[in-house]
Structures are given as structure tokens and as C-alpha cells.
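**Q** Dropping a structure here in C-alpha cells format, bear with me for questions.
The values are calculated or read from the model by the stated rules, or taken from the named source; none is laboratory data. Keep in mind the model is a prediction, meaning the values are calculated, not measured. Cβ sites come from the backbone with ideal geometry, for glycine too, and all protein chains shown count toward neighbours. For the accessible areas, the whole protein counts, side chains as well, though only heavy atoms, and no ligand, DNA or RNA atoms are used. Shrake-Rupley method; radii C 1.70, N 1.55, O 1.52, S 1.80 Å.
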Amino acid sequence: MPKVAIVILNWHGGADTAACIESLEHLKYTNFNVIVVDNASTDNSLELITNAIHKQSKSDSAILSQVIDPDTIGSKTQPSCVDAKFNLIKAPINGGFAYGNNLGIKAAMSDTDFDYVWILNNDVVVDPDALTELVNKAELSSSPMVGSVLVYFDDRQTIQCIGGVRFNIFKAVGNQVGHGLTWTKGSSLPEPDKLSYIAGASMLVNMATIRRFGIMDERYFLYYEEIDWALQLAKAGKMVVATKSIVFHKEGASIGTSSRSKRSLLSYYYLARNLVIFYRKNYPFLLIFAVSRNIREALREVNFGDLSICRTILKATWHGLLGKVGK
């Protein structure tokens with residue numbers, strides 16, 4: 001059984017993270033260690049996470065949990081992540097999605113034991129077979145990254161996406177594969193082909209590929225890290241989906257980013273700015289398509305009478321053109 005490091009990032013979502021941790025206890029695949037990274041939360045997240053860890057009864061490790069000082073990550077003084085079933089990293093700042101996950105990935109990279117990293121959103125609950133199916137698919141396909149079927153947590157008959165997204169670089173629009181389809185337990189789903197990237201809520205990534213092509217770009221802060229990373233990792237092979245790996249997703253619970261409800265202004269800002277940043281980095285000659293897409297979105301909000309969203313999108317587009325990155 002290949003060894004898996006499960007990386008879970010938390011920011012002001014302690015209750016969701018605790019529920020995610022508790023669901024891991026029921027996984028049928030047992031050869032894993034968990035690395036929880038807290039992005040400098042100021043609420044009671046750490047208390048809730050610690051309590052959830054201490055409730056775990058299944059542990060083949062001598063140590064149930066340990067805290068890893070972020071300053072030691074990658075050095076000879078870093079504790080081994082395989083020594084404890086649960087590892088907690090308290091980040092000094094909220095550096096965003098890529099920054100937090102990269103801390104967990106780098107901590108796992110310090111151990112040669114890990115074959116895969118399973119990056120999970122904190123707002124998911126996993127099916128007991130989810131990791132088994134992911135590892136089996138990864139071993140059979142030799143893919144650099146494998147995705148799960150994401151099913152809405154509050155509507156467990158509706159699929160959010162089958163693994164990931166197809167992105168049209170000329171329209172600057174991504175479409176979640178299988179979005180809205182009906183799901184029933186035990187149902188057979190077709191495996192999608194030609195995915196642009198795997199949805200970040202559940203990504204099983206080959207550790208050897210990470211060592212070769214690198215970790216996520218932290219300049220985005222939020223959004224477009226997955227597709228940017230996928231472009232790097234795709235050099236090692238195509239993205240695939242384990243269609244029997246089921247993950248129930250609350251979708252954007254900690255920042256108000258749910259696509260099935262009104263997005264937050266913060267969400268609109270990062271989506272618009274980072275679209276421009278993504279094109280500037282990867283498709284500079286097609287940058288006009290990203291800008292045009294944002295302008296269309298802004299004008300649509302004017303028609304809806306929401307000038308605050310329009311202003312946010314235009315401001316974000318300008319910041320992207322100026323090369324403003326980070327938080």
C-alpha cells in the first residue's frame with residue numbers, strides 16, 4: 001500500500017475541518033498520515049481541530065499527534081510526519097490557498113516515505129472508499145494527479161463535478177465536468193477525458209512529480225492555483241479521475257465562494273484579478289481574452305443593478321494588468 005500524506009488547510013473553518021478529520025477515521029485505506037495546516041486563524045479553529053484529532057481511536061502510530069514548527073520545515077530539525085498520525089502546522093500568516101497547502105506539501109516532502117499527497121479542502125467529508133479508489137487509479141494510470149467525484153454535501157444526489165474542469169483558453173471560461181448530474185451510491189459514471197485541471201477540493205498528487213516540477217504558485221493567494229499547477233504537472237502525463245472516489249463538498253464554506261449562492265466581493269476580486277495574472281504568466285499573447293471576459297462580467301452586473309460587483313471586477317482587472325499579486 002503506497003503511503004499517502006493527507007494535507008488539509010484550515011482558515012476560520014474549525015467546525016468543517018473537524019468534521020473532515022472525523023470522516024478520515026472511516027477510510028478503508030489506512031496507510032496515511034494527516035498534515036493539518038492552519039492559516040493563522042483568529043477564531044477557535046485550533047481548539048476544534050485539536051479536539052477532533054484527540055477523538056480519533058484508530059491509530060497505528062506511536063504518537064497520535066504532534067505540532068510541527070513551520071520554521072523547521074525542510075530542515076534537519078523538522079519532526080518526521082510519519083512519526084504521528086496527525087501533524088499540525090500553525091502558519092504565522094494567512095498566505096492563501098497555495099501558501100498553506102505548500103507548507104503541508106513541503107513538510108511531507110521531507111520524508112522519503114510518502115508516495116502521494118492527497119490535498120483536501122477542509123469543507124469536505126470523504127466516503128470510506130475515496131482514498132482506496134484514488135490510489136488504485138493512480139497506480140494503474142501512472143497519472144501525476146487524480147481527482148474524485150465531488151457531490152454536494154447538502155444535496156447528495158447532485159454532482160458538483162466529475163474530477164475537474166475543462167478550460168477554454170479562448171473564452172477564458174472553465175466548465176465543471178458533469179455539473180448538475182444526478183448521483184446515486186454505486187452508480188457508474190463515465191471517466192472524463194482531456195481535463196484542464198483537477199478540482200482543488202480533492203487532488204491526489206504523485207510525490208515524485210511534485211519533486212520534479214515543483215509546488216503551487218503562491219502569488220495567486222486564492223483561485224487559479226490548481227490550473228496553473230496542472231499546467232506544470234501535465235508535463236508528466238494527463239489528469240485522470242477515479243469515478244468511484246466520492247467526496248462530499250460544502251463548497252467554499254469558509255469564504256463565501258459557493259457558485260450556488262451569491263459570491264462575496266472578495267471572491268469576485270480574486271477570480272477576476274487572478275484570471276488576468278494566470279494569462280499574463282501562461283498565455284500572454286491571449287491576455288485580451290481574459291480582460292474581455294472580465295469586462296463582460298462587469299457589464300452584466302451593471303444590467304443586474306449591482307454596481308459594487310462591477311467596480312470590484314474592474315478594479316481587480318486593473319490590478320491584474322499592473323501585476324499586483326498576493327493578498
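**Q** Taking the simple approach of a point 7 Å from Cα along Cα-to-Cβ for both Glu191 and Val82, what is their distance in nm?
**A** Here the modelled spin labels are 2.9 nm apart.
**Q** Kindly sort Phe114, Phe97 by accessible area of their heavy atoms, largest first, with the probe set to 1.4 Å.
**A** Most to least solvent-accessible, the answer reads Phe97, Phe114.
**Q** Evaluate the relative contact order of the range 127-257 (contact order divided by residue number), counting alpha-carbon pairs under 8 angstrom at least 6 apart; express in whole percent.
**A** So the answer I get is 39 percent.
**Q** Could you calculate the contour length gain from Tyr283 to Asn175, that is, 0.36 nm times the residue separation minus the distance between their Cα atoms, to one decimal place in nm?
**A** 37.0 nm
**Q** At 7 Å along Cα-to-Cβ for each site, give me the label-to-label distance between Lys90 and Phe213 in nm.
**A** Spacing of the two 7 Å Cα→Cβ label points: 3.6 nm.
**Q** Something else: Quick one: compute the contact order of the chain, relative version, from alpha carbon pairs under 8 angstrom and 6+ residues apart, as a percent.
**A** Once normalised by length, the contact order is 18 percent.
**Q** Taking the highest mean first, how do the peptides 63-69, 202-208 order by number of other beta carbon atoms within 10 angstrom per residue?
**A** Going from most to least packed, we get 202-208, 63-69.
**Q** As a test of the formula, what do you get for the chain when each DSSP H run with n ≥ 4 contributes -39,500 (n - 2.57) and the sum is divided by the residue count, at 222 nm and rounded to the nearest 500 deg cm²/dmol?
**A** Here the helix-only value at 222 nm equals -11000 deg cm²/dmol.
**Q** Ordered by residue, what ³J(HN,Hα) values in Hz, to whole numbers, does the range 12-24 give under the Karplus form 6.51 cos²θ - 1.76 cosθ + 1.60, where θ = phi - 60° and Gly and Pro are x?
**A** 6, x, x, 5, 5, 5, 4, 5, 5, 4, 5, 5, 5
**Q** Using a 1.4 Å probe, what is the accessible area per residue for the range 10-86, in Å²?
**A** 46 Å²
**Q** Per residue, how much accessible surface does the range 196-306 expose to a 1.4 Å probe? Answer in Å², no decimals.
**A** I get 43 Å² per residue for this part.
**Q** A 29 angstrom limit on the alpha carbon distance is what I want to check against. Which of Lys185/Lys327; Lys106/Lys235; Lys85/Lys235; Lys185/Lys235; Lys281/Lys327; Lys171/Lys238 exceed it?
**A** Too far apart for the 29 Å limit: Lys185/Lys327; Lys85/Lys235; Lys185/Lys235.
**Q** Pull out the extension gain between Thr72 and Phe304, defined as 0.36 nm times the separation in residues minus the alpha carbon to alpha carbon distance; nm, one decimal.
**A** 78.5 nm
**Q** Cβ neighbours within 10 Å, averaged per peptide: list 152-162, 79-89, 296-306 in order, most packed at the top.
**A** Highest-to-lowest ranking by the protection proxy: 79-89, 152-162, 296-306.
**Q** Something else: How many nm is it between the label spots at Ile295 and Leu265, if each spot is 7 Å from the Cα in line with the beta carbon?
**A** Simple spin-label model gives 2.4 nm for this pair.
**Q** May I ask you to give the percent of accessible area on the chain that is carbon plus sulfur, with a probe radius of 1.4 Å?
**A** Of the solvent-accessible surface of the chain, carbon and sulfur hold 54 percent.
**Q** Oh, and also: Kindly identify the range 203-318 as rounded, prolate or oblate by the Cα gyration tensor criterion: order the square roots of the eigenvalues as a ≥ b ≥ c, call it rounded if a/c is under 1.5, otherwise compare a/b with b/c, prolate if a/b is larger, else oblate.
**A** oblate
**Q** Quick one: which of 30-39, 316-325 comes out on top by average Cβ neighbours within 10 Å, and what's the full order, highest first?
**A** 30-39, 316-325
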